Amino acid sequence: MKKVTYFDVEYANPQNKAICQLGLICEDYDTGETLYRERNIYINPEDGFDDVCVRIHGISADKVKDEPAFPNVWKEIECYFTNAIVVGHNVVGADLDALVKALKRYNIDVPELYYICTLELAKKYVARYSVQNFSMSALCQYFEIDVNSEHDAFDDARANSDLFRVLVDIYDINIDSCVQKYIPHESKVFMSYVSNPVVRKAMSEFYGMIRGFSIDNKINAAETACIIKWRKDNQQYSKFKEFSSIISVIDSIAADGEITIDEIIELQSTVKTFLDVVSTAPVTLATQILDGIMKGITVDGEISEDECKSLRQWLYDNIYLSGHFPFDKILRTVEDILADSKVTDEESAYLSSIINELLNPVDALKTQINTVDGKRLCLSGNFAYGQKSDVEKYIIERGGFIDSSVKKNTDILLIGDCECQAYSNGTYGTKVKKAMEYNEKGCNIQIVKESDFFLRV
């Protein structure tokens, strides 16, 4: 179930963003089932009204003077935000910012909030020349979505729910990959750094990797060397407070050249503090941690019975990842191996090979390409051959077709050599992940490097 809350607010002034109206629609996205009743709530903001805001939404101090204040309303609507994905247009800069300002003003605890912004989605997927601008009214007009009354919080929430579904359906958007964790404005300086998805992924996987190291309750020389190498590779980020604390812990525990289990636990705790402020969707974060765990248990070249059983327990503890690649495949493999509660040398080697394929998909899945005539190709990354348009022209001239995104009937996912450099050590993009997910479900999408492609076609 995906609990989605469409959320829009109107506020009395741009300074405090004191809310005077909010609209809420909460549903199970997969089934369309309504989870809580739709709400159109007027609020006494207990603050001054700005004339510009009044002209926009038509709500005046006199209109809401007898309405409840925010604390009374929050008691009724908190459930709409609990374990939900909040969807709105410019939802961070406007709606969630106003919500958090109200919560802090009345000394109410701010819950953990996750969101998807339709403004961000539109800018990413809708061609700039197609629309006058990326306002919700312009987008609704473009997609022929009815808006009853613009700048009415409830009507905007309703229109936004339609816009979101249209964007997802037309552009085949993976919702899970779009979810972000809301970070209050005061954390923005640090978040401008961790917003880099490569750095976020590296940190999440590092956390998983050191968990993998500790599974067998001992840390060997290869694992110690791996931690020291990670510290060296990431020294450039030590100017950031949260990161420098991790560097300091590594320096401390590795000073004598040997790292103990107790020291690994200390390191895990420090890294977890970093992850608590990282803007990453829960499923994405857990999947990256799983990648790290798999790296951790294979770094020394063998997987013990204890490591295999502990990996299975982690998978059971995170069963909500079912359906998200590569969770299902690794769980099936581990359960088959542990069916007799033992792990032979052959089974250990087999599990290692499966994990290596999952962590290094480009090399593991490349196949012979003889022709592109009549085949559908999707391009990912930057190409040494030239611009993407040059590669597309090359393919079309030879009878191929271009898919803008990976689909079930895509024949080939072609990855630029410049991109492949970033795919080492299991770091790969969403298009590769999508192709692997489809292949797990019976599709046959060939994943090929640019250099192999031009050598063979």
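The values are calculated or read from the model by the stated rules, or taken from the named source; none is laboratory data. From a predicted model like this one, the values you see are computed outputs, not experimental measurements. When we count neighbours, we look across all protein chains shown, and the Cβ atoms used for this are built from the backbone with ideal geometry, even at glycine.
Of the residues making up region 112-136, those that are within 10 Å of His89 (Cβ to Cβ) and hydrophobic (A, V, I, L, M, F, W, C) are Cys117, Leu119, Leu121, Ala122, Phe134, Met136.
Looking only at region 101-121, count every residue that is touching a Lys or Arg at 6+ places or on another chain (Cβ under 9 Å) and assigned to a helix (DSSP H, G or I) and tell me the total. Count: 2. Scanning region 296-344 for residues that are among the charged types (D, E, K, R) and part of a helix (DSSP H, G or I) yields Glu305, Asp306, Glu307, Lys309, Arg312, Asp317, Asp328, Lys329, Arg332, Glu335, Asp336, Asp340. Selection of region 135-166 for residues being buried (at least 21 other Cβ atoms within 10 Å of the Cβ) and within 24 Å of Asp403 (Cα to Cα) yields Leu139, Leu163, Phe164. Can you spot a residue in region 108-127 that is among the polar types (S, T, N, Q), out of contact with any Ser or Thr (no Cβ under 7 Å at 6 or more places or on another chain) and either surrounded by fewer than 16 Cβ atoms within 10 Å (Cβ to Cβ) or at positive phi (or both)? Taking every residue of region 108-127 in turn, none turns out to be among the polar types (S, T, N, Q), out of contact with any Ser or Thr (no Cβ under 7 Å at 6 or more places or on another chain) and either surrounded by fewer than 16 Cβ atoms within 10 Å (Cβ to Cβ) or at positive phi (or both). Residues of region 55-69 that are surrounded by 17 or more Cβ atoms within 10 Å (Cβ to Cβ) and either among the β-branched types (Val, Ile, Thr) or not assigned by TED's automatic domain parsing to the domain that holds Ala12 (or both): Ile59, Val64. The numbered conditions (1) of a type in the set (Lys, Arg); (2) closer than 16 Å to Arg158 by Cβ; (3) touching a helix residue (DSSP H, G or I) at 6+ places or on another chain (Cβ under 8 Å) are all true for Arg37 except (3). Figure legend. Inter-residue proximity from region 247-272: first residues at positive phi and assigned by TED's automatic domain parsing to the domain that holds Ala202, second residues surrounded by 15 or more Cβ atoms within 10 Å (Cβ to Cβ) and not charged (D, E, K, R), beta-carbon distance below 8 Å, spacing 6+ or different chains. Indicated pairs: Gly257/Thr224.
Could you tell me whether any residue of region 205-213 is at pLDDT below 85, surrounded by fewer than 18 Cβ atoms within 10 Å (Cβ to Cβ) and either within 19 Å of the chain's Cα centre (by Cα) or assigned to a helix (DSSP H, G or I) (or both)? No - not one qualifying residue is present in region 205-213. When Asn72, Asn83 are checked against the criterion of being surrounded by fewer than 19 Cβ atoms within 10 Å (Cβ to Cβ), over 21 Å from Gln180 (Cα atoms) and not acidic (Asp, Glu), Asn72 stands alone in meeting it. For region 120-162, the set of residues classified as at pLDDT 90 or above, under 16 Å from Glu38 (Cα atoms) and of a type outside the set (D, E, K, R) consists of Ala153, Phe154, Ala157, Ala159, Asn160, Ser161, listed by residue number.
The residues listed here are Phe383, Phe325; of these, the one that is aromatic (Phe, Trp, Tyr), farther than 30 Å from Lys272 by Cα and in contact (Cβ under 8 Å) with a residue 24 or more places away in the chain is Phe383.
The requirement of being in contact (Cβ under 8 Å) with a residue 40 or more places away in the chain, part of a strand (DSSP E or B) and within 22 Å of His151 (Cβ to Cβ) is fulfilled somewhere in region 65-87, by at least one residue.
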